Amino acid sequence: MFFSFDGIDGSGKSTQMDLFCQWLIDDHRREVIRCREPGGTPLGEKVRDILLNQKNIQLEMETEMLLFMASRAQLVREVIRPALNKGKVVVCDRFLLASVVYQGHAGGISPQVIREVGKIATGNTHPDMTFVFHLDPAVAATRVGDATDRIESRDEEFLQKVDAGFRQEVQQGGAAMKSIDGADSIDSIQRQIQSTTEALFEKVRNH
Ligand code: ADP
Ligand code: TYD
């Protein structure tokens with residue numbers, strides 16, 4: 001089974017992924033593969049460095065989108081699919097939805113076009129469940145602190161569009177997305193994630 005965590009930076013994804021992976025291992029005896037985007041493969045980590053750290057390289061939005069997709073195409077084939085084929089649980093920090101929102105809703109490329117490019121990158125491997133974290137960008141910024149990368153350091157207006165984009169996508173996204181209020185307590189959020197996952201495991205068992 002494949003889970004992804006997405007939402008604005010500083011909304012609590014990593015904190016919840018830590019707890020979630022530990023719970024899958026301890027309570028469900030599952031083998032867990034944790035990965036992140038961009039990155040997760042040798043190629044992907046190099047692309048990540050260009051995307052997030054090399055602030056002096058000029059990057060057009062279309063180029064940026066394609067680099068995220070290149071990292072994703074490699075991650076799907078090198079890590080995610082082989083793990084799923086062995087019955088492991090994959091937990092990924094961000095996936096295609098991040099491109100739809102950051103480069104699409106906030107970056108100005110048509111979300112529909114990004115989904116089309118995404119079909120090539122993912123080869124139709126999609127998360128069974130995406131936890132989508134929402135948080136007022138001003139609150140998220142206080143949590144992130146000063147250590148911002150190229151994308152985190154974009155202006156407030158961009159981050160407002162990111163937040164609005166995630167809210168819109170989750171409204172249209174159907175059953176494979178669960179909206180999470182990042183302002184809730186860490187314990188409460190983890191309980192929501194675990195009960196959604198229990199329901200999903202139950203559904204699979206009954207099939
Ligand atoms: P992300 O991975 O989404 O960038 P993190 O999990 O790294 O976010 O959390 C960013 C900061 O906010 C960390 O210092 C973390 O301890 C804190 N934090 C995480 N979840 C909560 C929460 N529910 N309430 C308050 N602070 C939180
Ligand atoms: P992330 O790994 O969450 O950052 P951090 O290590 O600081 O928690 O994500 C890196 C940044 O890349 C984040 O600001 C979101 C952005 N991003 C996109 O703009 N498009 C994408 O397709 C992905 C996967 C990430």
Response to the item:
With Rh as the Kirkwood radius over Cα pairs, the chain has Rg/Rh of 0.94
Worksheet item: Highest mean first, what order results for 109-116, 41-48, 161-168, 199-206 on Cβ atoms within 10 Å?
Response: 161-168, 41-48, 109-116, 199-206
Response to the item:
Quick calc: nm separation of the 7 Å Cα→Cβ label points for residue 156 and residue 206 -> 4.8
Discussion item. Sort 60-67, 23-30 by the packing proxy (mean of other Cβ within 10 Å over each peptide's residues), most packed first.
Written reply: 60-67, 23-30
Fill in: Carbon + sulfur, % of accessible area of the chain - ligands and nucleic acids excluded, 1.4 Å
50
Discussion item. Taking the solvent-accessible surface of protein heavy atoms with a 1.4 Å probe, what is the per residue accessible area of region 1-153 in Å²?
Written reply: 44
Worksheet item: Gain in length, residue 62 to residue 27, computed as 0.36 nm per residue apart minus the alpha-carbon separation, to one decimal in nm?
Response: 8.3 nm
Practice prompt. Divide by every residue of the chain the summed helix terms, -39500 (n - 2.57) for each DSSP H run of at least 4, and state the resulting mean residue ellipticity at 222 nm, rounded to the nearest 500 deg cm²/dmol.
Written response: -15500 deg cm²/dmol
Worksheet, complete the sentence: The value for region 50-173 (convex hull of the alpha-carbon atoms, volume per residue, Å³) is 119
Worksheet item: Tell me, how many Å apart are the Cα centres for region 93-115 and for region 29-67?
Response: 15
Practice prompt. Under a cut-off of 17 Å between alpha-carbon atoms, report the lysines in cross-link reach of residue 46, not counting same-chain residues fewer than 8 places apart.
Written response: 55
Worksheet item: Can you list the lysines whose alpha carbon sits under 21 Å from that of residue 161, skipping same-chain ones fewer than 8 residues off?
Response: 13, 178
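The values are calculated or read from the model by the stated rules, or taken from the named source; none is laboratory data. Worth saying up front: this structure is predicted, and the values here are computed from it rather than measured. All Cβ positions, glycine included, derive from the backbone under ideal geometry; neighbour counts span all protein chains shown. We work out accessible area using only protein heavy atoms, side chains counted, and drop any ligands, DNA or RNA first. Shrake-Rupley method; radii C 1.70, N 1.55, O 1.52, S 1.80 Å.
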